[in-house]
Amino acid sequence: MPDISVIICTHNPRSDYLQRTLDALKAQTLAQEQWELLLIDNASEKALATAWDLSWHLHARHVYERELGLTPARLRGIRESTGDLLVFVDDDNVLASGYLSAAAELFASRTDLGVASGRLLPEYETPPPGWFRPYESWIAVRRFQQSRWSNFFDPRAEPCGAGMCLRRPIAINYAKKSMANSRQQILGRRGTSLLSGEDVAITKVAIDLGYSMGQFTGLNAIHLIPSRRVAEKYLFDLYRNLQASGKLMGWLDNPDHQPAHFPDGRVLLKTLFRFLKGGNIDRRLVVEEFRATRLARQVIKEAAANQAATGTGALKQA
């Protein structure tokens, strides 16, 4: 069986971006006998199997997942995969030709390593606002110059979902945890929702199992970023959802405590100082942080209502 499973989860993909993603996979130096390709069609309006020919690959197939959302699509990919190492590739990622070979060598040489990703340099369709450069990590841009790894959860070494590589035992345990606790599925993109956190959930499973995590310079890819993703409204919406996702992960760890309407006294004073003394961007970020708490509480309320109605904690729609 193939050593590596490459899993692309996509919903209504932009055709020119997906084509570049697939072209980059065609150019991989790792022999096709050593890896398989699964294209997970996550409820696209037009079935991808009718439009995208994967016959160029020895071990490639289309898989249709009707439940909308990145988490259900990834869980389906995990179930369908056979490789010892799984690589999640987004439909706007252009992997360097040696990406899969480098991943195979990295995980073979580091038996402690459980989950990893690499450098992601942006290819912007439209230049982002000048103020945005320090915040590029919001849209999965990684410009680091040195590899970083850790055997405890350290945000500085936290892998990114785009190009994420993980060992099969971690994927299986993550899937079991998600299926056993349906509340986990409030995390992740679903339709037009910008909630996230599914990558962190995978990394936490790896740490809990005793593996290390990291970001490595030997893994390189280009991240194709369309104009809509650098529009200011989108960026502030994204920030609010990123903050809300962090609060939701805290709630999942401790379901008895919902996110507080306001932070404690010291944090509140620091936040108010930022608002009063900061520039326009800082002030807007403070506003979005407060809105994030309201969003997180709303998502929790909807999940509870849905659980009462259907017996699950997942959202009908985000």
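Residue pairs whose Cβ atoms lie under 6 Å apart, sitting 6 or more positions apart in sequence or on different chains, and linking a residue in the stretch 46-68 that is among the hydrophobic types (A, V, I, L, M, F, W, C) to a partner that is assigned to a loop (DSSP other than H, G, I, E, B), are ALA60/LEU54; LEU68/ALA43; LEU68/ARG190; LEU68/GLY191. Within the stretch 199-221, the residues that satisfy the criterion of being touching a helix residue (DSSP H, G or I) at 6+ places or on another chain (Cβ under 8 Å), at pLDDT 95 or above and of a type in the set (A, V, I, L, M) are ILE202, VAL205, ALA206, LEU209, MET213, LEU219, ALA221.
Annotation: of all residues in the stretch 51-74 being closer than 10 Å to CYS9 by Cβ and of a type in the set (A, V, I, L, M), the one that is farthest from the chain's Cα centre (by Cα) is VAL63.
Is there a residue in the stretch 96-117 that is among the hydrophobic types (A, V, I, L, M, F, W, C), in contact with a His (Cβ under 7 Å, 6 or more places away or on another chain) and either exposed (fewer than 13 other Cβ atoms within 10 Å of the Cβ) or at pLDDT 95 or above (or both)? The answer is no, given that none of the residues of the stretch 96-117 is among the hydrophobic types (A, V, I, L, M, F, W, C), in contact with a His (Cβ under 7 Å, 6 or more places away or on another chain) and either exposed (fewer than 13 other Cβ atoms within 10 Å of the Cβ) or at pLDDT 95 or above (or both). Scanning the stretch 156-189 for residues that are under 20 Å from ILE8 (Cβ atoms) and among the hydroxyl-bearing types (Ser, Thr, Tyr) yields TYR174, SER178. Residues of the stretch 118-131 that are over 20 Å from the mean Cα position of the chain (by Cα) and surrounded by 15 or more Cβ atoms within 10 Å (Cβ to Cβ): PRO128 alone. Screening ALA108 against (1) on the phi < 0 side of the Ramachandran plot; (2) touching a residue at least 40 places away in the same chain (Cβ under 8 Å) leaves a single unmet condition, (2).
None of ASP53, ASP23, ASP16, ASP41 is assigned by TED's automatic domain parsing to the domain that holds VAL87 and crowded, with 19+ Cβ neighbours inside 10 Å except ASP41.
The values are calculated or read from the model by the stated rules, or taken from the named source; none is laboratory data. Since this is a predicted model, take the numbers as computed values, not measurements. Methodologically, a virtual Cβ is constructed for each residue, glycine included, from the backbone with ideal geometry; neighbour enumeration extends over all protein chains shown.
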